[in-house]
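The structure appears below as structure tokens.
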Amino acid sequence: LCTMHTYKRPAWSKGEEAFIKRYIAPTGATPDDFGNYWLTLGTASPIMWSCHTDTVHKTSGTQRVMLGDGCLTTDSGECLGADDTAGCWIMLQMIRAGVPGTYVFHRAEEIGGKGSEWIAEHTPERLNGLKFAIAFDRKGCEDIITDQYGNTASDEFARSLADALRPMDFHPSSKGIFTDTQNYAGMIPECSNIAVGYFNAHQPTEFLLVNHVLRLAKAIIAADMSGLVAA
């Protein structure tokens, strides 16, 4: 988790390519024609697990990160990049544990959700059979997002996901802004985003609550997702 955060990864940069080569490609995930990486585990799972590989760093390369008082930070003068390195790390743990689902590591989210937009426009058939698109790309520690520039998921779904993740304390929230799953609204019934523990996203003061990330990965791996509700 710490080492992954040393990569500064503006969209399409050498830093992002190095990150993908080291962490994403070895999972067996393969790129589509835009560069999004896909991996399917199990059969007939209705869930898309989503994150994005780019960050809002101004420069490509590496940075120093520090772990102290349960928080991951950087002194690089740029952002930490937990948005969305934390989401990438969680999905890698899920893949190692064999959690069923369609995994999509989106490209170019930070410059307008270009990777997911491309999927929705050019390969919508890849979304067939999916009922839930769950992104790991939300600040804080409590939100399961139901609204991203409009309603994209039901409260019933959000509550069912929160129940599956107990004893963690998640709640439905209508205060979302945007992540890649928004581009699938109207194509996948429930498009959401779950809080992965970062704060002050995109800022030099960004930090990540490591214990939350660890607990969330453990909870997702252990969860029974058969009770998720598609309203």
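The values are calculated or read from the model by the stated rules, or taken from the named source; none is laboratory data. Please read all numbers here as calculations on a predicted model, not as lab measurements. Because the Cβ atoms are built from the backbone with ideal geometry, glycine has one as well, and the counts that use them run over all protein chains shown. Protein only, heavy atoms only, side chains kept; ligands, DNA and RNA dropped before computing areas. Shrake-Rupley method; radii C 1.70, N 1.55, O 1.52, S 1.80 Å.
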Exercise for the section: Sort out which residues of the stretch 64-122 are aliphatic (A, V, I, L, M), open to solvent by 10 Å² or more (accessible area, probe 1.4 Å), closer than 23 Å to P10 by Cα and in a helix (DSSP H, G or I), and write them in order of number. Expected result: I111, A120
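Which one of these is out of contact with any His (no Cβ under 9 Å at 6 or more places or on another chain) and not hydroxyl-bearing (S, T, Y): A135, A158, A230, A195? Can you show your working first?
On the way: A135 fails: out of contact with any His (no Cβ under 9 Å at 6 or more places or on another chain); A158 fails: out of contact with any His (no Cβ under 9 Å at 6 or more places or on another chain); A195 fails: out of contact with any His (no Cβ under 9 Å at 6 or more places or on another chain).
Step by step, each of A135, A158, A230, A195 is checked, and only A230 is out of contact with any His (no Cβ under 9 Å at 6 or more places or on another chain) and not hydroxyl-bearing (S, T, Y).
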Practice task
Collect the residues in the stretch 123-165 that are touching a Phe, Trp or Tyr at 6+ places or on another chain (Cβ under 9 Å), open to solvent by less than 10 Å² (accessible area, probe 1.4 Å), among the aliphatic types (A, V, I, L, M) and part of a loop (DSSP other than H, G, I, E, B), keeping them in residue-number order.
Solution key: A153
Problem - Scope the stretch 215-231; condition free of Cβ contacts under 8 Å to residues at least 40 places away in the same chain and either surrounded by 14 or more Cβ atoms within 10 Å (Cβ to Cβ) or of a type in the set (K, R) (or both); matching residues - result: K218
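Hey, could you check the stretch 35-63 for residues that are of a type outside the set (G, A, S), more than 29 Å from A230 (Cα to Cα) and more than 16 Å from the chain's Cα centre (by Cα) and say which is most open to solvent (accessible area, probe 1.4 Å)?
Here is the first cut: in the stretch 35-63, the residues of a type outside the set (G, A, S) are 36-41, 43, 46-49, 51-59, 62-63.
Next, only the ones that are more than 29 Å from A230 (Cα to Cα) stay: 54-59, 62-63.
Applying the additional criterion that residues be more than 16 Å from the chain's Cα centre (by Cα) yields 57-59, 62-63.
Details: H57: 9, K58: 184, T59: 61, T62: 103, Q63: 17 Å².
Ranking the qualifying residues of the stretch 35-63, first place goes to K58.
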Practice task
Would you check which residues across the stretch 23-53 are in contact with a Gly (Cβ under 8 Å, 6 or more places away or on another chain) and either on the phi > 0 side of the Ramachandran plot or of a type in the set (A, V, I, L, M, F, W, C) (or both) and list them?
Solution key: F34, G35, L39, L41, G42, A44, I47, M48, W49, C51
Practice task
May I ask you to list the residues in the stretch 174-211 that are free of Cβ contacts under 8 Å to residues at least 60 places away in the same chain, under 25 Å from C79 (Cα atoms), surrounded by 19 or more Cβ atoms within 10 Å (Cβ to Cβ) and over 12 Å from the mean Cα position of the chain (by Cα)?
Solution key: G176
